[in-house]
1. Hey, got a sec? Which GluC sites (Glu not before Pro) in the range B:26-115 land in a DSSP loop and have at most 15 other Cβ atoms within 10 Å?
2. Taking one equal scatterer on every alpha-carbon of the range B:1-67, how large is log10 of I(q)/I(0) by Debye at q = 0.12, 0.14 1/Å?
3. If you average 1/r over every pair of different alpha-carbon atoms in chain A and take one over that average, what Kirkwood value in Å do you get?
4. Using Cα centres only, tell me the gap between the range B:48-115 and the range A:48-109 in whole Å.
5. Calculate, axis by axis, the spread of Cα positions in the protein assembly as shown along the three principal axes, and write the results as whole Å, longest axis first.
6. How much length would be gained if the chain were fully extended between A:S18 and A:E58, taking 0.36 nm per residue of separation minus their Cα-Cα distance, in nm to one decimal?
7. Straight-line reach from A:K42: which aspartates and glutamates fall under 14 Å, measuring Cα to Cα and dropping same-chain residues less than 8 apart?
8. Based on the mean of other Cβ atoms within 10 Å per residue, sort peptides A:86-95, A:43-52, B:8-17 so the most packed one is first.
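The values are calculated or read from the model by the stated rules, or taken from the named source; none is laboratory data. Quick caveat, the model's predicted, so the values are computed rather than measured. Cβ placement follows ideal geometry from the backbone for every residue including glycine, while neighbour counts extend to all protein chains displayed. What goes into the accessible areas is simple: the full protein's heavy atoms, side chains included, and nothing from ligands, DNA or RNA. Shrake-Rupley method; radii C 1.70, N 1.55, O 1.52, S 1.80 Å.
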Amino acid sequence: EDQVTQSPEALRLQEGESSSLNCSYTVSGLRGLFWYRQDPGKGPEFLFTLYSAGEEKEKERLKATLTKKESFLHITAPKPEDSATYLCAALTNAGKSTFGDGTTLTVKP
Amino acid sequence: DSGVTQTPKHLITATGQRVTLRCSPRSGDLSVYWYQQSLDQGLQFLIQYYNGEERAKGNILERFSAQQFPDLHSELNLSSLELGDSALYFCASSVGNSGFTDTQYFGPGTRLTVL
């Protein structure tokens, strides 16, 4: 059975305190690994897609990396507006998406 | 704004009833996906349609069904509703069904409350 596990469940940071979020996956035939940001009561907002181990993508204070078993979302010098739930999802070759439960990030000023 | 629209925004109904949720994908997108998000189960993939045809199925109950119409909008039908069906239902769309065009863009969701 396809499985995606995110850790930690919740993360509280001070503004400017860098950290990483983890996404471990066990799926049959990974086609892509996606990261989304979700604000309360809203739909997930696309951040990154990673397709192969070793691939990295950056956007402002966020950087996503991928290995054969996990992906990391690194947050450098976060700001309060980065507070949200970050979801990762694995898309298989069969077209099925499996989402993790998310990491809720709170950045205090 | 992702370009994906969903109606209605909120829906309150009773157990045993049937409801229809509607989704219009982004212009040019051929794939539509449906997801259910509840507090205890996170975001669950239900079903995907590509250009009118069912392409992938997730944890969709037999009481639920979906279809994609020739104009590419999609409807998710939920019947014999139970209290546990209360959740946020999201629709997402993407350009295609294969290759490197799998990025999904999510709509704002429909909040279903079953009383």
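1. Those satisfying the criteria are B:E62, B:E82.
2. So the normalised log intensities work out to -0.36, -0.49.
3. That comes to 13.8 Å for chain A.
4. Comparing the Cα centres of the range B:48-115 and the range A:48-109, I get a distance of 23 Å.
5. 49, 37, 33 Å, listed from the longest principal axis down.
6. Separation in residues times 0.36 nm, less the Cα-Cα distance, equals 12.9 nm.
7. Cα-Cα hits under 14 Å: B:D1.
8. Listed from highest to lowest mean packing, they are A:86-95, A:43-52, B:8-17.
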